[in-house]
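To keep things clear, I will list the structure first and then write my remarks on it.
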Amino acid sequence: MEFDLIMRRMKKKILVIGNCYYVVFRFRKELIKRCVDEGFEVWTAFPDGSHGEKERGSDTAQRLKCHFSEIKMARRNFNPVDEIQLYLALRKLICQIRPDLILTFTIKPNLYGGILAHKYQIPFMMNITGLGSALGKDGFLSQILQNFMIHNMKSAACVFFQNTYDRDYFLDHGYPGKNMEMLPGSGVNLAEYRLLPYPDTSVIRFLYMARVMKEKGIEQFLELARHYADREDVEFHICGDCEEDYLPVLKKLEQEKIMVYHGQVSAVEKYIRLAHCIVLPTFYHEGVPNTLLEAMACGRPVITTDHPGCRETVLDGVNGYLCEVHDSAGLIKKTEQFLSLSEKEKENMGLAGRRKAEREFDRNMVVTTYMDYINTLIAR
């Protein structure tokens, strides 16, 4: 019976579309592996190296026993010629593969993947990984994008939301919400991101682990580092791809020994292990920052903003601290509170984060939810 089921599924193709390697292979590899193990033929599509990743899509696809097709996509810019080319590339890919089900993540895959799935009457599921830089703003382009997104949502088999702010935004703008499901972000692999021993506190290290861009709060983090420039017992470290024109600033501050920039890194656990606290002063509209989930899973306190997607991860004063967005003074105040804790109190704060990750953000819960929908749709 099980063999017959697998043989039937081997004829079924699932296409997963995202805007970068991380979105598809770092945060969804467990889902892809589960689909492959259960007999589905899985195809993935995204632009290789768009975050400065050292990993290649084709290498990981071979390891996961799925397929990879590279597409070109400008993640943050909107150029009509580039957008038409992206749409045509996805159309060509879908016509070649002829998938039985399409899964889309991030705004442009949700937009073009959804339009094409509807056009070719292919069941599809959308994951709203945040509003990004384009949605939720005044302006003609934002309004057009919003209308197309809601059109796609209405025809999707399921729309997954990662925080209530994004859900309510679309509900308030005309999305009926009959086919929606809440997820705890992308979840975190609790076996991969293990509870790490808390480091010695003779020198306290704060770690920013995200893309180096204004909306992720890099300016507030650098201001925080400058504030403690005279203290030898406090260090500031940055890991992430430098998306905007901050490289000269980072090099200057590094020469002044105010902070250390490690660039884009693959093995983030190595840096989390040395850190005492992860700081993300973001005001970017994302679902739930994976940085925070990984930090919590490893037993590290976090300081972040009272912002959609971030506030879901932190109980203020228990597993970390929340400050207001754009508030460097508030960030410094919360950092002072953290520094005033004893070593044991810092460690206990990290342990509270691990328990919260186990209770609310286990990636297995996300995979199970997806598989329930996938099996139901394929059975139809």
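The values are calculated or read from the model by the stated rules, or taken from the named source; none is laboratory data. Computed from a predicted structure; not experimentally measured. Methodologically, a virtual Cβ is constructed for each residue, glycine included, from the backbone with ideal geometry; neighbour enumeration extends over all protein chains shown. For the accessible areas, the whole protein counts, side chains as well, though only heavy atoms, and no ligand, DNA or RNA atoms are used. Shrake-Rupley method; radii C 1.70, N 1.55, O 1.52, S 1.80 Å.
Values as computed for the structure displayed
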quantity	calculated
Residue, least open to solvent (accessible area, probe 1.4 Å), within segment 225-246, restricted to residues that are in a loop (DSSP other than H, G, I, E, B) and more than 30 Å from Lys54 (Cβ to Cβ)	Tyr228
Some residue of segment 331-354 being in contact (Cβ under 8 Å) with a residue 40 or more places away in the chain, more than 19 Å from the chain's Cα centre (by Cα) and not in a helix (DSSP H, G or I)	no
Odd one out for Gly113 among (1) touching a helix residue (DSSP H, G or I) at 6+ places or on another chain (Cβ under 6 Å); (2) among the small types (Gly, Ala, Ser); (3) open to solvent by less than 10 Å² (accessible area, probe 1.4 Å)	(1)
Residue list for segment 308-330, restricted to those being β-branched (Val, Ile, Thr) and under 21 Å from the mean Cα position of the chain (by Cα)	Thr313, Val314, Val325
Residue within segment 218-232 that is within 18 Å of the chain's Cα centre (by Cα) and either modelled with pLDDT under 95 or of a type in the set (Phe, Trp, Tyr) (or both) present	no
Every pair of residues 6+ apart whose Cβ atoms lie under 7 Å, when the first sits in segment 267-286 and is under 29 Å from Thr164 (Cβ atoms) and among the aromatic types (Phe, Trp, Tyr) while the second is open to solvent by less than 40 Å² (accessible area, probe 1.4 Å) and not in a strand (DSSP E or B)	Phe283/Glu215; Phe283/Gly217; Phe283/His307; Tyr284/Glu215; Tyr284/Lys216
Selected residue (criterion: farthest from Met73 (Cα to Cα)) from residues of segment 99-143 that are modelled with pLDDT of 95 or more and of a type in the set (Ser, Thr, Tyr)	Tyr120
The listed residue being open to solvent by less than 60 Å² (accessible area, probe 1.4 Å) and either of a type in the set (Phe, Trp, Tyr) or touching a Ser or Thr at 6+ places or on another chain (Cβ under 7 Å) (or both), out of Phe161, Phe148	Phe161
Some residue of segment 37-45 being under 24 Å from Val265 (Cα atoms), modelled with pLDDT under 95 and surrounded by 18 or more Cβ atoms within 10 Å (Cβ to Cβ)	no
Cβ-Cβ under 6 Å pairs, at least 6 apart or on other chains, segment 299-313 side part of a strand (DSSP E or B), far side open to solvent by 10 Å² or more (accessible area, probe 1.4 Å) and among the basic types (Lys, Arg)	Ile303/Lys334
